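Asker: The structure that follows is given in the form of C-alpha cells.
The values are calculated or read from the model by the stated rules, or taken from the named source; none is laboratory data. The model shown is predicted, which means the values in this text are computed figures rather than measured ones. Cβ atoms come from the backbone with ideal geometry, glycine included; neighbour counts cover every protein chain shown.
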Amino acid sequence: MIRRALGHIISCKDASRLVSRRQEATLSGWQRLVLRLHLSVCDACARFERQMAFLRNAMQRYRQ
Amino acid sequence: MASTDISRDLEPQRGYLLRVARLQLRDDALAEDVVQETLLAALSGTGFSGKSSLRTWLTGILKHKIVDAIRKKQREPTVASAFGDIDSEMDIEDFDAMFNPRGGWDSKPAEWGNPEDALNQRQFLDVMDLCLEKLPPNTARVFLMREVMELETDEICKELAINANNLWVILYRARMALRQCLEQNWFARNGQHP
C-alpha cells in the first residue's frame with residue numbers, strides 16, 4: 001500500500017521522461033529515487049525502460 | 001593495410017554510409033557528396049589502425065563531414081527552409097497525447113518478449129529504417145547524431161544552436177516515436193516469431 005503510494009509520487013509521463021533524460025544527463029538524487037520507486041510498482045514503465053535500453057543497443061547494432 | 005585492400009573493403013560500406021547520411025541530411029545529392037568525401041578521405045588517410053572496425057572508423061569520418069555540411073547549409077539562408085523548422089520539433093505537447101490527463105499511459109507499452117532476437121533479422125533493420133525515415137527531419141538528425149555518431153550532447157547543442165532542454169525534448173520525442181513505430185510494425189506482428 002505504502003509502496004504503491006510512493007511509486008506514484010511521479011506519473012508514468014514523468015517517469016518516461018526521466019528514463020530518456022538519464023541517457024544524456026545525470027539525474028538528481030531525488031529524481032533517481034522517485035524513478036526507482038515508480039519502476040518498482042509500474043509494469044508498463046518497467047517495460048518502457050527495457051525497450052529504451054533495447055533501442056540504444058539496436059542503434060549500435062545498426063552501425064555495425 | 002595496403003591501399004588496394006582498403007579500396008576493396010570500402011565499397012561494401014557505401015550503402016550503410018549513404019543511408020546514415022540521407023537520414024541526417026534529407027537531401028540525396030548532398031548525402032552522395034558527403035559519402036564521396038568520406039570515402040576519399042578514407043582512401044587518402046592513414047587513420048585506420050585496425051583497432052576499431054572499419055565501419056566505426058568510417059562513421060567517425062562521416063560524422064565530421066555531416067557536421068560540416070549542416071554548418072554550411074545553415075549559413076545559406078535560401079535553403080534554410082528546406083532544412084525544416086526545428087522549433088516545431090521541440091514542442092513536447094504532442095507526445096503528452098500518449099498519456100491521459102493524470103499522466104498514465106493511454107496505451108501501455110506492450111511486452112516485446114526477447115527483442116534482441118530481432119537484431120539478427122534483416123527485415124527488422126528494414127523496419128527500423130522505415131521508422132527512422134518517418135521521424136521529422138531534425139528529430140532524426142539529432143537522434144542519429146546521438147545514437148549512431150555518438151556525439152556528446154554539448155557538441156550537438158553547439159552544432160545545431162539549441163539548448164540542452166531542447167535537445168532532451170527532441171531525443172525524448174524520437175525515442176517515443178521509434179518505440180511506438182517498432183511496436184506497431186514489428187513486435188505486435190512478429191513478437192511471437194522464434
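Asker: Take the residues of segment B:88-100 that are part of a loop (DSSP other than H, G, I, E, B) and either on the phi > 0 side of the Ramachandran plot or more than 10 Å from every other protein chain (Cβ to nearest Cβ) (or both): which is modelled with the highest pLDDT?
Answerer: So, considering only residues that are part of a loop (DSSP other than H, G, I, E, B) and either on the phi > 0 side of the Ramachandran plot or more than 10 Å from every other protein chain (Cβ to nearest Cβ) (or both), the one modelled with the highest pLDDT is B:Ala97.
Asker: Among (1) in a helix (DSSP H, G or I); (2) buried (at least 18 other Cβ atoms within 10 Å of the Cβ), which single condition is A:Arg50 missing?
Answerer: The failed condition is (2).
Asker: Being more than 14 Å from the chain's Cα centre (by Cα) and of a type in the set (A, V, I, L, M, F, W, C) is the requirement here; does A:Ala58 meet it?
Answerer: Details: more than 14 Å from the chain's Cα centre (by Cα): yes; of a type in the set (A, V, I, L, M, F, W, C): yes.
Against the criterion (more than 14 Å from the chain's Cα centre (by Cα) and of a type in the set (A, V, I, L, M, F, W, C)), A:Ala58 qualifies.
Asker: Next question. Which residues, taken from segment B:30-55, are modelled with pLDDT under 85 and among the charged types (D, E, K, R)?
Answerer: Matches in segment B:30-55: B:Lys51 only.
Asker: Please pick out the residue among B:Leu130, B:Leu171, B:Leu167, B:Leu125 that is at pLDDT below 90 and more than 10 Å from the chain's Cα centre (by Cα). Walk me through how you get there before you give the answer.
Answerer: Details: B:Leu130 fails: at pLDDT below 90; B:Leu171 fails: at pLDDT below 90; B:Leu167 fails: at pLDDT below 90.
Checking each option against the conditions leaves just B:Leu125.
Asker: If you don't mind, another one. Looking only at residues that are within 12 Å of another protein chain (Cβ to nearest Cβ) and without any contact (Cβ under 8 Å) to a residue 12 or more places away in the chain in segment B:156-167, which one is surrounded by the most Cβ atoms within 10 Å (Cβ to Cβ)?
Answerer: Filtering segment B:156-167 for residues that are within 12 Å of another protein chain (Cβ to nearest Cβ) and without any contact (Cβ under 8 Å) to a residue 12 or more places away in the chain, the one surrounded by the most Cβ atoms within 10 Å (Cβ to Cβ) comes out as B:Cys157.
Asker: Condition first: touching a Lys or Arg at 6+ places or on another chain (Cβ under 6 Å) and in the same structural domain as B:Ala110 (by TED's automatic domain parsing). Can you find one or more residues in segment B:131-138 that meet it?
Answerer: If we filter segment B:131-138 for residues that are touching a Lys or Arg at 6+ places or on another chain (Cβ under 6 Å), which is where we start, we get B:137.
Adding the requirement that they be in the same structural domain as B:Ala110 (by TED's automatic domain parsing) leaves B:137.
Scanning segment B:131-138 turns up at least one residue that is touching a Lys or Arg at 6+ places or on another chain (Cβ under 6 Å) and in the same structural domain as B:Ala110 (by TED's automatic domain parsing).
Asker: So which residues in segment B:169-189 are crowded, with 21+ Cβ neighbours inside 10 Å and under 16 Å from B:Asp117 (Cβ atoms)?
Answerer: B:Leu182, B:Trp186, B:Phe187
Asker: Further, regarding this structure: Quickly run through segment B:107-141 and pick out the residues that are free of Cβ contacts under 8 Å to residues at least 40 places away in the same chain, charged (D, E, K, R) and either more than 11 Å from every other protein chain (Cβ to nearest Cβ) or in a helix (DSSP H, G or I) (or both).
Answerer: If the condition is that a residue be free of Cβ contacts under 8 Å to residues at least 40 places away in the same chain, charged (D, E, K, R) and either more than 11 Å from every other protein chain (Cβ to nearest Cβ) or in a helix (DSSP H, G or I) (or both), then B:Glu116, B:Arg122, B:Asp126 are the ones that fit.
Asker: Would you check if there is a residue in segment A:29-36 being facing chain B (nearest Cβ under 9 Å), part of a helix (DSSP H, G or I) and under 24 Å from B:Pro101 (Cα atoms)?
Answerer: Looking only at segment A:29-36, we keep the residues that are facing chain B (nearest Cβ under 9 Å), and these are none.
Within segment A:29-36 (the criterion being facing chain B (nearest Cβ under 9 Å), part of a helix (DSSP H, G or I) and under 24 Å from B:Pro101 (Cα atoms)), the answer is no, since none of the residues qualifies.
Asker: Report, by residue number, each residue of segment A:3-28 that is in a helix (DSSP H, G or I), among the basic types (Lys, Arg) and out of contact with any strand residue (DSSP E or B) (no Cβ under 6 Å at 6 or more places or on another chain). Before the answer, list the steps.
Answerer: Looking only at segment A:3-28, we keep the residues that are in a helix (DSSP H, G or I), and these are A:3-7, A:12-21.
Right, trim to among the basic types (Lys, Arg) and you get A:3-4, A:13, A:17, A:21.
Residues satisfying the conditions are A:Arg3, A:Arg4, A:Arg17, A:Arg21.
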